[in-house]
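Below is one structure; the comments refer to it alone.
The values are calculated or read from the model by the stated rules, or taken from the named source; none is laboratory data. Note that the structure is a prediction, hence the values are computed from the model and not measured. Don't worry about glycine lacking a Cβ; one is built from the backbone with ideal geometry, like all the others, and counts go over all protein chains shown.
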Amino acid sequence: MRVAILAPALALRAGLHALLSAAAETNRSFEVVYEGASLDEFASDAPDVDVVLIAAEAVEATTLQRSLRQTEGQLAALILSDAPQELAQTLVTLPLRGWGVLPFDVSAEELQAGMRAVYEGLCVGAPALFAMLQKAAARPLAANSDEYPMIEPLTERESQVLQLLARGLANKQIGLTLGISEHTVKFHLSSIYTKLGTTNRAETVRAGMQRGLIAL
């Protein structure tokens, strides 16, 4: 597994590298091939990595959107933060292979498990974090019950795509799960956006949950 470590302080990068090295003593699966101070720096250099490990100080939600929205399921991200809500709400909208948010006091074993999980396409975080995301997605519409007008019903395949989208899967993962091409997944997503009147993944999941189209 090729890893990039992003943290503004050299000492913090060294500490995270040491945690991965300690975890790798029993299973040498982590190869740190890039270290940098910020996600912008990483995006500019465009190194070939599988998982990017980010200290929260090196990234903001807007930077995540700008730098990772074109990954198309090829990259996984694990962020260390003690205030994960905003970052998680952004991560769930991005086409990542997998993503996670863990606290800064994570142990070497926990970091190892988290890195492997996001690499395998899973989402990682405290139960309270996912409860918050689910609550935010299901929150009743405040002002206009027609915020997401249903133009026409979803097809069976579109419903399957929407369900997998709500689980945080990237386009490539959805295609592999359903046995269809990534191009076909994009076609279905475009149709879902049109039918639900949405413009992005998070908004689409929220609309689907509010209309009872996603099984919790």
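Filtering ALA142, ALA136, ALA131 for residues that are outside the structural domain of ASP105 (by TED's automatic domain parsing), on the phi < 0 side of the Ramachandran plot, modelled with pLDDT under 85 and surrounded by 14 or more Cβ atoms within 10 Å (Cβ to Cβ) leaves a single hit, ALA136. Please go through the range 190-216 and give me each residue that is crowded, with 19+ Cβ neighbours inside 10 Å and among the aliphatic types (A, V, I, L, M), ordered by number. Matches in the range 190-216: ILE192, LEU196, ALA202, VAL205, ALA207, MET209, LEU213, ILE214. Considering the range 107-118, the residues that are closer than 23 Å to PRO95 by Cβ and out of contact with any Ser or Thr (no Cβ under 9 Å at 6 or more places or on another chain) include one that is surrounded by the most Cβ atoms within 10 Å (Cβ to Cβ), namely VAL118.
Quick test for you: out of GLY98, GLY73, pick the one residue that is touching a helix residue (DSSP H, G or I) at 6+ places or on another chain (Cβ under 6 Å) and modelled with pLDDT under 80. Of GLY98, GLY73, the one residue that is touching a helix residue (DSSP H, G or I) at 6+ places or on another chain (Cβ under 6 Å) and modelled with pLDDT under 80 is GLY73. Looking at HIS183 and the list (1) modelled with pLDDT under 75; (2) closer than 21 Å to LEU68 by Cα; (3) loosely packed, with under 14 Cβ neighbours inside 10 Å, which single condition is not satisfied? Here HIS183 clears every test but (1). Comparison of ASP45, ASP40, ASP82 shows that the only residue that is without any contact (Cβ under 8 Å) to a residue 24 or more places away in the chain and surrounded by fewer than 17 Cβ atoms within 10 Å (Cβ to Cβ) is ASP45. Residues in the range 191-216 that are closer than 13 Å to SER159 by Cα and of a type outside the set (A, V, I, L, M, F, W, C): SER191, TYR193, LYS195, THR204, GLY208, ARG211, GLY212.
To keep it simple, each residue is scored yes or no on (1) among the hydroxyl-bearing types (Ser, Thr, Tyr); (2) at positive phi; (3) at pLDDT 85 or above.
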residue: GLN163; (1), (2), (3): no, no, yes
residue: SER190; (1), (2), (3): yes, no, yes
residue: ASN200; (1), (2), (3): no, no, no
residue: MET209; (1), (2), (3): no, no, no
